[in-house]
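Student: My questions all concern the structure below.
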Amino acid sequence: MMIKIGLIGYGYWGPNLVRNFVATENCQVKTVADSRLDRLSIVSKMYPGISVTDKATDIIQDPEIDAVIIATPVFSHFGIAMSALENGKHVLIEKPMTSSVQEAEQLLEVAEKKGLVVMVDHTFLYTGAVNKMKQLINDDIIGELKYFDSTRINLGLFQPDVNVLWDLAPHDLSILFHLVDEKPVSVNATGVSHTNNGIENIAYLTVNYGNNFIAHINCSWTSPMKVRSTLIGGDKKMIFYNDLEPSEKIRVYDTGFSYKTDEEKNRILVDYRVGDVQIPKISPSEALAGVAKDFIQSIQSKGTPVANGIIGLTVVKVLEAAQESIKQDGKEVKIKI
């Protein structure tokens, strides 16, 4: 069964989406829409067989198109996705899924009623590194998880419509929810705007769980260097994930600690263990190719993609709660998952 695709938005990420979907089996990219004619001319030059239009409605109302990819600014996601679903089309939405929890829930409700796939382009869930970490956790190599500590910082790009958490944290949150089965219960967040427009360019997010596990995410648009790293601690071993490393992205440390209580001196005695470091082999395949393949296969099989709408909704729930916490100077805000 050939799935015909329409892409709305041919900006920064659009070319990568077209390239990967063109190369995906049982898929045909039929039309690309963008309001900028210069962007459409690039499509026509590179892919003469793909039609172009400056109107998103041409894709949404095309009866031959089965699914719509939405690669536009977040404020437009809901309106485009809802129109696509109401016209019987499956949707793949760029992260974050929507700009509010209410919008995300409405999309999922309509999709369920119509039997349509809603997928969010949380690309990192399809990387060899994240899949390897998932395997290490599932195989109990790491042991009981204790913490997730992520840093995603760089110089720019300042976004005009969303703060740094909405821009960068969806990557780390999607990885967190993919790796950890437990559900978060609340968040604390702080942030600051150095441009006097109320849009935070540095923010710190803590995701609280109902046990001893804790997650922390540091995001910034104003760092002198680019850092994309995550530490995952277990009671057996610990993982260091460096996404900027070209080949050895994951290191597994046989490192940990144990403790006992000295009743007489009323203190904790800690013993440290430092062992070998392993560098596991990971798949070099392009993550976006996995996104395209999963989307097409989920449509064909009426299945649930890895980066499904529920994960997309959960990410938005945390981001919305984090925004509320920032407004309240870091006060803990409960979330309903």
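The values are calculated or read from the model by the stated rules, or taken from the named source; none is laboratory data. All values reported here derive from a predicted model rather than from experimental measurement. Cβ sites come from the backbone with ideal geometry, for glycine too, and all protein chains shown count toward neighbours. Keep in mind that these areas ignore ligands, DNA and RNA; they rest on the heavy atoms of the full protein, side chains included. Shrake-Rupley method; radii C 1.70, N 1.55, O 1.52, S 1.80 Å.
Student: Which members of segment 32-56 meet the condition of being among the polar types (S, T, N, Q) and open to solvent by 70 Å² or more (accessible area, probe 1.4 Å)?
Tutor: The one that is among the polar types (S, T, N, Q) and open to solvent by 70 Å² or more (accessible area, probe 1.4 Å): Ser35.
Student: Under 6 Å between Cβ atoms, at least 6 apart or on separate chains: pull out the pairs that start in segment 324-337 with a residue that is free of Cβ contacts under 8 Å to residues at least 60 places away in the same chain and end on any residue that is surrounded by 14 or more Cβ atoms within 10 Å (Cβ to Cβ).
Tutor: Glu324/Val333
Student: Pull up segment 208-236, narrow it to residues that are assigned to a loop (DSSP other than H, G, I, E, B) and modelled with pLDDT of 95 or more, then point me to the one that is farthest from the chain's Cα centre (by Cα).
Tutor: Among those that are assigned to a loop (DSSP other than H, G, I, E, B) and modelled with pLDDT of 95 or more, it is Phe213.
Student: Which one of these does Tyr10 not meet: (1) in a loop (DSSP other than H, G, I, E, B); (2) modelled with pLDDT of 95 or more; (3) open to solvent by 20 Å² or more (accessible area, probe 1.4 Å)?
Tutor: The number of the failed condition is (3).
Student: Can you tell me which residues in segment 158-178 are part of a loop (DSSP other than H, G, I, E, B), in contact (Cβ under 8 Å) with a residue 40 or more places away in the chain and open to solvent by 30 Å² or more (accessible area, probe 1.4 Å)?
Tutor: Passing the criteria: Phe158, Gln159, Asp161.
Student: Quick one: which of Ile282, Ile337, Ile232 is surrounded by fewer than 20 Cβ atoms within 10 Å (Cβ to Cβ) and closer than 16 Å to Leu173 by Cβ?
Tutor: Sole residue among the options that is surrounded by fewer than 20 Cβ atoms within 10 Å (Cβ to Cβ) and closer than 16 Å to Leu173 by Cβ: Ile337.
Student: Go through segment 179-203 residue by residue and tally those that are in contact with a helix residue (DSSP H, G or I) (Cβ under 9 Å, 6 or more places away or on another chain), closer than 30 Å to Leu136 by Cβ, modelled with pLDDT of 95 or more and surrounded by fewer than 19 Cβ atoms within 10 Å (Cβ to Cβ).
Tutor: Residues in segment 179-203 being in contact with a helix residue (DSSP H, G or I) (Cβ under 9 Å, 6 or more places away or on another chain), closer than 30 Å to Leu136 by Cβ, modelled with pLDDT of 95 or more and surrounded by fewer than 19 Cβ atoms within 10 Å (Cβ to Cβ): 2 in total.
Student: Still on this structure: Keeping to segment 73-93, report how many residues are within 18 Å of the chain's Cα centre (by Cα) and open to solvent by 30 Å² or more (accessible area, probe 1.4 Å).
Tutor: The total comes to 3.
Student: Something else: Quick check on Arg267: is it among the basic types (Lys, Arg) and either touching a strand residue (DSSP E or B) at 6+ places or on another chain (Cβ under 6 Å) or open to solvent by less than 30 Å² (accessible area, probe 1.4 Å) (or both)?
Tutor: no
Student: Continuing with this model, one more query. Give the residues of segment 113-155 that are touching a strand residue (DSSP E or B) at 6+ places or on another chain (Cβ under 9 Å), in a helix (DSSP H, G or I) and open to solvent by 20 Å² or more (accessible area, probe 1.4 Å), sorted by residue number.
Tutor: Matches in segment 113-155: Lys132, Leu136, Ile137.
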